[in-house]
Amino acid sequence: MSTTPQDLPRPDPVTLRQTWRFWLKLGCIGFGGPAGQIAIMHQELVERRRWISERRFLHALNYCMLLPGPEAQQLATYIGWLLHRTWGGVLAGALFVLPSLFILIALSWVYIAFGDVPAVAGVFYGIKPAVTAIVLHAAHRIGSRALKNTWLWAIAGAAFVAIFAFNVPFPLIVLGAALIGYLGGRLTPERFNNGGQRGSEKSFGPALIDDDTPTPEHARFHLPKLLRLAVVGALLWCLPMALLTALFGWDGTFTQMGWFFTKAALLTFGGAYAVLPYVYQGAVGHYGWLTPTQMIDGLALGETTPGPLIMVVAFVGFVGGYVQPAFGPEHAFVAGALAATLVTWFTFLPSFLFILAGGPLVESTHNELKFTAPLTAITAAVVGVILNLACFFAYHVFWPNGFAASPDVFSLLLAAAATLGLFIFKRGVIEVLTVCALVGLGFHLLL
């Protein structure tokens, strides 16, 4: 007699020690941008470990999509908070970012101090085609579960056309999808009831935090708790800014970085690519912290290192602090590392506050159609946006010099192999990335 997913036992409760090991691992292997990171979290937390059900996972993801900031890091913070209160959320979000920060500080130092390193360039050359395949695979994985009827397929298609052909800003796509979902939930609720799935269906078996699991006490809304959080958040921003102003003045490089990246953090609707023009304009054009070429190289580093793509701000901070050393030329590395750490702090602080403050409100809505229908429509739109991101990567990886030039045949072949590995042979994301990095390194060194 075969065992169905519904016959599986509910997972045992997990400790904070067990979860921090997973979040640290995720921070070290979270390649592929938000799409790849969300795919890894879905595979690990929903399918394999069953810490959270798919409906609760997607409900949390939809909320994170509405926020400014890196949605994958916010999703990790949300799930960590749901499992183990405030410290669980802080730990999950911090460990998601810290490995990327340390790696980028090291790579930024190698880049600015020693120039091009053939081995590093070769690894990046192999990873980029793999990232393209991973993003396409993520669109397929999320879409296969979220697009359960023609209405949701139409929303996904419209979102893709809007952003690909007409360059419609992502926030407008989200608002449009939410409006369609709200109206559709009232007029044809069966089309927007969690993608047309019956609540009793579970593809992977019962979860620790399941569809019908009551909201834990710490995840319920309490006004005094919200006010305390607001006060703590204000202090965590004001005290570092006051200290920087006292030490370096308001016009000092560190102070201006803190102020500039606070504003950038509140404008990152739609992921890192939505805010990169703003960062480019300010960091390159206004402040002169780095050159246009350095900004492009920094984006390449951000794309091919684990962690959120918005971590490119750490590269911007490091280069700006290194070339304008506040502690003298002999301490340029210290200045760069401090600048990278500061901009990371000011960029991610709002994300933690949004999750910890808004989480209780979101948890109170996961079984109410008037709230879930707009979020279901947003999920469908996000599938189209992720597909557009795959096209964006494909263009820049396969035709680095534009369509007028010949395509990069090696990258095309490597991306095709990575796609086969993911779709046909069901290989893991990390395995595909590792193999492609080694192949890229070998090819680059043989040239």
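Laid out as a table, the results:
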| read-out | value |
| --- | --- |
| Mean Cα-pair separation over length for segment 1-154, i.e. relative contact order, pairs under 8 Å, 6 or more apart, % | 27 percent |
| Virtual paramagnetic centre 7 Å along Cα→Cβ of F443, amide N under 13 Å, in segment 411-434 | 411-419 |
| Sequence-separation-based contact order of the chain, relative, with Cα cut under 8 Å and 6+ spacing, percent | 32 percent |
| Theoretical FRET efficiency, 1/(1+(r/R0)^6), r = Cβ-Cβ of V409 and Y278, R0 41 Å, to 0.05 | 0.70 |
| Inter-part distance where segment 284-325 and segment 22-64 are each reduced to a Cα centre, Å | 27 Å |
| Dipole-positive endmost among P350, G402, L375 within segment 283-427 (Cβ charges, Cα centre) | L375 |
| Net charge dipole size for the chain [Lys, Arg +1 and Asp, Glu -1 on Cβ; Debye, nearest 20] | 860 debye |
| Rg over Rh [alpha-carbon atoms, Kirkwood Rh] for segment 349-389 | 1.09 |
| Karplus 3J(HN,Hα) series, Hz, for segment 42-47 with 6.51 cos²θ - 1.76 cosθ + 1.60 (x for Gly, Pro) | 4, 4, 7, 8, 8, 7 |
| The chain, accessible surface, carbon-and-sulfur percent (1.4 angstrom probe) | 69 percent |
| Projected label distance in nm at W259 and V232, using a 7 Å step from Cα toward the beta-carbon | 2.9 nm |
| Pairwise FRET efficiency - T291 versus N149, Cβ, R0 = 41 Å, nearest 0.05 | 0.25 |
| Solvent-accessible area per residue for the chain (1.4 angstrom probe, square angstrom) | 45 Å² |
| All Cα pairs of the chain, percent lying beyond 32 Å | 38 percent |
| Difference of contour (0.36 nm per residue) and Cα-Cα distance, L183 to V14 | 56.9 nm |
| Members of K25/K370; K25/K225; K25/K426; K128/K426; K25/K148 lying beyond 27 Å, as alpha-carbon distances in this model show | K25/K370; K25/K225; K25/K148 |
| Sequence-distant residues sharing a close amide H with I209 (under 5 Å, placed H) | I52, S53 |
| Karplus-derived 3J(HN,Hα), 6.51/-1.76/1.60, for each residue of segment 380-388, Hz, glycine and proline x | 4, 5, 4, 4, x, 5, 5, 4, 5 |
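The values are calculated or read from the model by the stated rules, or taken from the named source; none is laboratory data. Quick caveat: nothing in here was measured; it's all calculated off a predicted structure. Ideal geometry is used to build each Cβ from the backbone, glycine not excepted, and the neighbour counts take in all protein chains shown. Each accessible area value is taken on the protein alone, full model and side chains, heavy atoms only, with ligands, DNA and RNA left out. Shrake-Rupley method; radii C 1.70, N 1.55, O 1.52, S 1.80 Å.
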